[in-house]
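Please treat every number below as a calculation from the coordinates, not as lab data. Remember, predicted model here, so these are calculated numbers, not experimental data. Cβ: placed from backbone, ideal geometry, glycine included. Neighbour counts: every protein chain shown.
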Amino acid sequence: MTEAPPAARSSAQSHPAARILILDDEPMILIDLSFALEDEGASAVTAGSAPAALDVIDETPPDAAILDVNLGGGRTCEPVAARLRELGIPFLIHSGDLDRQGELVAQFGVRVIPKPTPGSQIAKAALRLVRQAAEA
C-alpha cells in the first residue's frame, strides 16, 4: 500500500469527510445509501430507529442527515427532525410514504426525495446541504 504525498495528506486532513446520518428502517436502503455516500467521499452513520438516531446525534452530531419518515409500527422520524432543527443540522427526507405522511413532511419544510431514487442522487443532495451550511 502506498502512502499519499504530504500535500495530499494535509489537504485531506484540513477537509475531513462530511459525516452524514442515515435514518431508515430498511437495512438494504441503509447499505445502499452508505455505499453511495462513501463513493462521494463522505462518512455514513446509520440508524434503524429514532432512538438510535438521537443517540448518534447526541454523541457526535452529523454534518447533515437523510431521514425516512415512516419507521414502522406507527413510528416516524419527527423527534429526530426536531433535534436536528434544534442543533441547526440540515436534513432531507427520503420517503416512499408521502401519501400518508404528507402533512408531517410538509411541516419539516425541507427537500423531499421520493423512494425509489438512486442512492448516488440522494448522496449528492445530502452533500449539497453540507456545502450550503458551510457557506452560510
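Just want to confirm a number: the relative contact order over region 17-135, from Cα pairs under 8 angstrom separated by 6+ residues, in percent.
Here the relative contact order equals 27 percent.
Under unit Cβ charges (Lys, Arg +1; Asp, Glu -1), what dipole magnitude, rounded to 20 debye, does region 17-135 have relative to its Cα centre?
Using Cβ point charges on Lys, Arg, Asp and Glu, region 17-135 gives about 320 debye.
Can you report the principal axis dimensions of region 17-135 using only the alpha carbons, biggest first, rounded to whole angstrom?
In descending order, the Cα extents are 34, 29, 24 Å.
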